[in-house]
1. Given the options Arg266, Arg288, name the one that is at pLDDT below 95, out of contact with any helix residue (DSSP H, G or I) (no Cβ under 7 Å at 6 or more places or on another chain) and under 22 Å from Pro148 (Cβ atoms).
2. Tell me whether segment 164-179 contains one or more residues that are surrounded by fewer than 13 Cβ atoms within 10 Å (Cβ to Cβ), assigned by TED's automatic domain parsing to the domain that holds Met210 and assigned to a strand (DSSP E or B).
3. Out of all the residues in segment 268-280, is one or more hydrophobic (A, V, I, L, M, F, W, C), farther than 23 Å from Arg159 by Cβ and out of contact with any His (no Cβ under 8 Å at 6 or more places or on another chain)?
4. For Asn175, only one of the following conditions fails: (1) polar (S, T, N, Q); (2) at pLDDT 95 or above; (3) under 26 Å from Phe295 (Cα atoms). What is its number?
5. Go through the residues of segment 32-41 one by one and say whether even a single one is modelled with pLDDT under 85 and either hydroxyl-bearing (Ser, Thr, Tyr) or in contact with a Pro (Cβ under 7 Å, 6 or more places away or on another chain) (or both).
6. Mind checking which residues of segment 60-94 are part of a helix (DSSP H, G or I), in contact (Cβ under 8 Å) with a residue 40 or more places away in the chain and more than 17 Å from Val39 (Cα to Cα)?
7. Sort out which residues of segment 302-354 are small (Gly, Ala, Ser) and assigned to a loop (DSSP other than H, G, I, E, B), and write them in order of number.
Amino acid sequence: MTYARSTSMVGMANAMSTLLFILILSVVAPLAEAQKGSVSLPTTESQTLSIALNRLPKDAISGDIADYLSVFVGTKDTCCEQSNPIAGRYHHDDTRAYFTPYFEFVRGQSYVVETKEITSEQGLQAHLYEFKLTAAVPKTAKVTQIQPSSSRIPENTLRFYLYFTQAMKPNVAFNYIKLVNAAGEEDNAAFMKFKQELWSADRKRLTLLMDPGRIKRGVETNLELGPALESGKKYKIVVKAGWPTASGNQTLLGFSHSYQISNALRTLPDVKKWTITAPKRGSLQPLRIQLDRLFDYQLLHSKIALYTPDGDKISGQIDLDEEHQTWQFTPERQWHTKQVMLSVDAKLEDVAGNNFKDVMDHPVGDKIHQIDSIERSILLK
């Protein structure tokens, strides 16, 4: 009996201890959550930092919130007496006070938030909260496209464009870019090498020019080395892996594009050979033009325009098909006139460098057409 009574008392004591622990936890846990939730720390570069208004004294709102909420660069170990807080804007709503830095928070940088908060028993107390935004994973550097993207190009193709996801290191392009024939042999004299490479302003587009001496018939380079591209054969433009980005943080993934070479293109382009599909008046249907040949990809976005009969340029979006022989224009606003005027700049070149004035590889003395543009009226449906 005595043993049984002792066991029962121990069990009751354990039960009471468990109950007491649960009661304490039920009080402490919400307080911990409230303390944790009083300050909202940013998780992205542009997100604001905030604190619950009920954690600040009343004069914080009527006075200067910065006296009770400051943000420093660094960690708790180094903050904050010898440091200056970062500059930013303060504002508040009915429940929270907010801080937005003048310059976005930087990923990978540590920050400390110093607050002066009201506690239930000890009055105003200083608190430090440390946070660090996860460092951004850098995007992989790669070639997104090459133009011409067609699988078939003429043997006197003059110009290529390479597009990159990131700004690339200049003046090393031809260490990585090669023209390779079907046997795997590299032609190191195929491209024109300038002192300054032909980059776009953001250094994400590189223009490659075939050496004109390999294209024009009868010149010394062509006679000595032959054409870089020969009709009936296959070639690749290869961009080797390892090319550093401008920042030096990454290197480029490898890339290649294959071409089947067709006969040289040595005639003037002709707008009369273009097939135009007119849109319906009052619609947003695109106006489509089936071109007579492969034209320069970049120039197709700037050398063809549409105008109203009054001479106002029509705004819209230009798109090309994969072989970029179909030019498509979608207007910003509905077509509202019975007809539109198509204007083609005479400097529009095909992929071989021929424009509406003359062909690139023309005999000396050939007549150059003295025109600035070609105009054509298009009736809408």
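The values are calculated or read from the model by the stated rules, or taken from the named source; none is laboratory data. As the structure is a prediction and not an experimental result, all values here were calculated from the model. Glycine gets a Cβ as well: all are built from the backbone with ideal geometry, and neighbour counts include every protein chain shown.
1. Matching residue, one of Arg266, Arg288: Arg266.
2. Scanning segment 164-179 turns up no residue that is surrounded by fewer than 13 Cβ atoms within 10 Å (Cβ to Cβ), assigned by TED's automatic domain parsing to the domain that holds Met210 and assigned to a strand (DSSP E or B).
3. Yes, that holds for at least one residue.
4. Of (1) polar (S, T, N, Q); (2) at pLDDT 95 or above; (3) under 26 Å from Phe295 (Cα atoms), only one is false for Asn175: (3).
5. Checking segment 32-41: at least one residue is modelled with pLDDT under 85 and either hydroxyl-bearing (Ser, Thr, Tyr) or in contact with a Pro (Cβ under 7 Å, 6 or more places away or on another chain) (or both).
6. none
7. Correct list: Ser302, Gly311, Ser315, Ala346, Ala352, Gly353.
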